[in-house]
Amino acid sequence: MAAQSDERPNPDSLLAVVAKEEQEKRRGNLKIFLGMCPGVGKTFAMLQAARVEHANGRDVVIGYVETHGRKETEALAEGLPKIPRRTVEYRGLRLEEMDLDALLERRPHLAVVDELAHSNAPGSRHPKRYQDVEELLEAGIDVFTTLNVQHIESRTDTVRQITGAPVQETVPDQLIDLGEIEVIDLPAEDLLKRLSEGKVYIPERARAAALHFFREGNLRALREIVLRLAAEKAGKDVHEYMQLMHILGPWKTGHRLMVAVSASPFSEPLIRWTRRLADSLGCPWIAAYVESPHPLSAAEEARLGNHLDLARRLGGEVVTATDEDLVRGLVRVARQRNVTQIVFGKPGGSGFLDWFRSRSLLHRLARESGEIDLHIVRVEEEAKLPRPPRRWRATESPGSSYGIAAAVVAAVSVLNLTFHHWLGSRSIGLIYLLAIVLLALFVGRGPVLFAAFLSALLWDFFFLSPRFTLGVFELENAIMVGTFLVVALVLGQFIARNRAQEKAERRREQRVTALYLLTQELSSATTMDDIVSRVVEHIGRTFHAEVAFFLANPMEKSLYSVPHWASTFRVSEREAAVAAWAFANVRPSGRFTDNLPLSQGHYVPLVSSGKAVGVLGVRFSEERNLTFDEKTLLQACANQIALVVDRQNLCEMAEHSRVAAESERLSQTLLNSISHEMRTPLAVITAAVSSLSEESRRKLGNEAVYLEEIASASTRMNRIVENLLDMARLSSGRFTLKREWCDAKDLIDAALRDTEKELRGREIQVRTPSGLPLVRLDFPLVQQALTNLLLNAAMHTPSGTPVEVTLEADPIREELVIRVADRGPGLGPDTGGHLFNKFYRGSGAPPGGTGLGLSIVKGVVEAHGGRAEAENREGGGAVFSLFFPLEKVPETAVSLKA
């Protein structure tokens with residue numbers, strides 16, 4: 001039976017694999033052509049594979065492919081059916097996106113969709129292209145797609161650290177796990193050669209790329225990340241196949257270590273040794289603990305918890321299993337996890353019993369592990385560590401149990417003495433044995449063994465011949481006494497094992513019940529307050545403790561300094577700092593841990609999708625310790641709570657976004673209506689003032705000055721209305737940029753003419769170097785933005801202060817920069833990131849104005865694909881910088897400039 005149970009697969013793992021297989025049967029298949037960076041040939045390889053599928057008779061359709069003007073790639077796309085792209089207008093740009101609805105209606109066998117990490121234009125059904133791909137897969141359509149490794153969510157931090165380039169577009173790892181990966185590998189030297197030949201970027205951009213992202217060291221590191229990712233994916237696929245087919249490993253397709261962990265102090269150096277070995281082999285590793293029915297002492301539970309925490313901190317995966325037999329449990333876990341090497345501590349001890357036990361343990365492990373390699377390690381620190389004292393399990397029973405056992409044996413002896421004339425010695429021995437059987441139902445193993453030896457002595461002294469002597473002189477009596485002792489010992493051991501198993505099963509049942517009740521209570525919670533209230537009540541009831549629930553501030557990505565109002569644990573400022581440490585480091589802290597252990601509470605971070613969403617704090621009574629089982633249960637509850645809190649946060653963010661979008665729509669409607677209503681009377685006023693002849697003005701005499709005031713006020717009001725209308729168009733995203741090639745110097749001249757009156761009396765310094773390239777812009781719109789910057793300088797600086805306008809080209813970033821600098825008071829400390837917000841006015845701003853000028857500047861620049869920045873300059877004043885992307889100037893535009 002033991003052998004059969006060892007061959008059975010883990011039911012949870014098997015269920016997960018079967019569920020995944022069933023899901024894949026209903027979904028389309030995803031194949032990802034993965035590369036280390038742009039230019040390795042992902043799209044080319046994808047189109048080659050698509051043509052092969054098309055030649056084999058499959059219905060292949062191109063949903064979206066970006067050839068980047070490469071003729072060999074365009075040639076591969078020729079002849080394959082294409083879905084016309086959908087045109088989206090956003091902030092004056094005509095963007096082309098994949099037509100998802102047309103592709104779903106067409107329902108091909110295989111859809112070719114390039115650039116999986118692409119962000120769709122606003123207004124699309126999904127914000128990300130990978131979500132379009134997920135919908136295609138759900139519809140049963142196979143998909144070929146391409147992806148660079150820096151866009152995989154779990155690798156973005158590593159890539160940013162290596163290259164220094166931020167990654168804005170990411171794809172979740174769950175989607176990568178569902179697909180088949182084909183690595184498009186290219187050595188760094190070959191890619192740099194392609195880059196220099198202009199096969200990746202245009203020459204100017206290629207030179208800049210070679211100095212930054214495409215450095216040889218970066219490419220080598222990215223290539224290693226891709227190859228390791230593919231190896232990990234292949235290892236997962238092998239593991240899932242073995243579980244599905246009930247194949248017990250190991251299949252030595254790669255190294256995978258497992259270290260056996262216990263409550264022994266020697267486990268800590270053993271874990272560190274395994275980590276070093278895993279680093280040298282470049283492989284994953286597991287720390288496995290096999291829980292036996294025998295309970296641990298408080299000190300052992302504390303050591304075990306520290307060992308498992310150490311394994312997690314060092315990057316290992318912690319696995320716990322339950323088995324009466326240590327060897328059988330370890331081998332079962334190793335086969336289920338496709339472990340290739342087991343690390344086991346070399347047993348110590350110098351006595352005969354220690355030698356016999358260790359010899360038996362090692363021989364069994366070597367025999368039953370089969371193809372799995374063994375490392376029997378004697379750690380260097382072993383001689384320095386104090387060896388734990390040996391505990392006799394019988395001492396676990398209280399002293400009163402031994403008194404009860406002695407009393408029962410004495411009572412049975414008196415009864416036997418009373419009736420020994422009518423009973424034979426054998427019958428009396430059976431009565432003693434019956435008493436021991438009944439006694440074993442109520443007391444532990446130690447009292448049962450004590451009662452067995454005491455009964456044997458009394459039986460021999462009072463009832464076996466010769467009576468009233470200690471000693472067995474007849475073979476028949478010796479056999480009877482020996483059989484009696486053996487039966488009593490076996491019975492005591494069997495009863496003790498069953499009782500320990502019963503306690504272990506009861507502990508597991510309590511854990512499962514607590515988790516089930518928590519899940520049931522949280523499933524019906526609809527608000528965050530409801531969730532927190534139920535969590536506090538459930539955790540407090542389960543652990544008989546006070547509970548503090550800290551939520552994360554999603555805007556600042558930090559922990560609120562005070563717990564939720566439903567908390568029963570009133571924390572001090574010091575305790576709140578301990579909770580903040582647990583949140584920032586994503587590790588338990590406080591009491592019963594090595595991190596700030598003098599705190600009153602025990603704080604567990606609530607982690608979901610790799611980020612902390614809150615902290616759960618629990619305070620127990622002073623004399624109580626947190627057992628290993630309770631710590632495991634608390635962590636399991638925290639994991640479940642984190643999922644629910646994260647889900648509720650997402651729901652609230654979605655609702656907030658919906659309300660904000662509706663509010664924005666209403667405000668834009670109101671703004672548009674007011675602007676148009678104001679424009680009509682202003683036009684009438686301006687026309688009436690301008691229509692007055694010079695003769696009419698002379699007749700008015702000194703009162704003609706009022707006409708100038710009316711004209712000036714009308715011009716200023718008309719400019720405000722124009723800003724309102726421009727802001728409404730920018731926010732709606734429904735205006736079209738009329739781009740044309742122009743000279744940036746002409747922009748500056750036109751803006752200075754518009755603001756000649758406002759800038760009168762100031763020194764205007766214009767710096768425009770020779771040889772500036774042409775730039776493709778919407779001339780009137782950018783002129784309006786530049787005019788707003790000049791008016792902003794005139795309004796917020798004292799009269800007579802100079803204003804500087806500078807033009808320059810950045811060949812590395814391929815940008816044209818326009819800067820407007822002044823010598824005014826500069827930007828205030830309260831400006832922060834609000835300077836370009838709509839209707840924002842600084843604390844020292846003069847009266848007048850709407851706070852829309854700089855917001856329009858930012859909107860116009862971003863509509864052109866650029867950015868706007870502002871900062872204080874040395875010597876006083878502020879400088880505003882507008883960055884516009886440069887494009888390759890066609891020959892017709894160059895000749896026009898000449």
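The values are calculated or read from the model by the stated rules, or taken from the named source; none is laboratory data. Because the structure is a prediction, the values reported are computed rather than measured. Backbone-built Cβ (ideal geometry, glycine too); neighbour counts: all protein chains shown. Ligands, DNA and RNA are excluded from the accessible area calculation, which covers all protein heavy atoms including side chains. Shrake-Rupley method; radii C 1.70, N 1.55, O 1.52, S 1.80 Å.
Here are the numbers:
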{"read-out": "Extension gain from VAL318 to LYS82, taking 0.36 nm per residue of separation minus the Cα-Cα distance", "value": "80.0 nm"}
{"read-out": "FRET efficiency, LYS888 to ARG125 (Cβ-Cβ, R0 25 Å, nearest 0.05)", "value": "0.15"}
{"read-out": "Computed accessible area, SER154, all protein chains, 1.4 angstrom probe, square angstrom", "value": "60"}
{"read-out": "Highest to lowest packing among 365-373, 605-613, scored as the average C-beta count within 10 Å", "value": "605-613, 365-373"}
{"read-out": "Length added when fully stretched, GLU74-PHE462, from 0.36 nm per residue minus Cα-Cα", "value": "129.1 nm"}
{"read-out": "Efficiency of FRET from Cβ geometry, CYS651 and MET795, R₀ 41 Å, rounded to 0.05", "value": "0.40"}
{"read-out": "Net lengthening on full extension, GLU505/ASN872 (0.36 nm per residue, minus Cα-Cα)", "value": "125.2 nm"}
{"read-out": "Flagged links, alpha-carbon separation over 32 Å, of LYS71/LYS745; LYS611/LYS631; LYS71/LYS738", "value": "LYS71/LYS745"}
{"read-out": "Percent of beta bridges antiparallel (DSSP, region 63-198, rounded to nearest 5)", "value": "50"}
{"read-out": "Of THR527, HIS538, LEU515, farthest towards positive along the dipole that unit charges on Lys, Arg, Asp, Glu beta carbons give region 488-548", "value": "LEU515"}
{"read-out": "Spatial separation of Cα centroids for region 466-528 and region 440-462, in angstrom", "value": "17"}
{"read-out": "FRET efficiency, THR67 to ARG367 (Cβ-Cβ, R0 56 Å, nearest 0.05)", "value": "0.35"}
{"read-out": "ARG658 paired with ALA299, simple spin-label distance in nm, labels 7 Å along Cα-to-beta-carbon", "value": "6.0"}
{"read-out": "Between region 114-179 and region 621-637, the Cα center-to-center distance that results, in Å", "value": "41"}
{"read-out": "Backbone N under 17 Å from the LEU95 label point (7 Å along Cα→Cβ), restricted to region 132-159", "value": "132-133"}
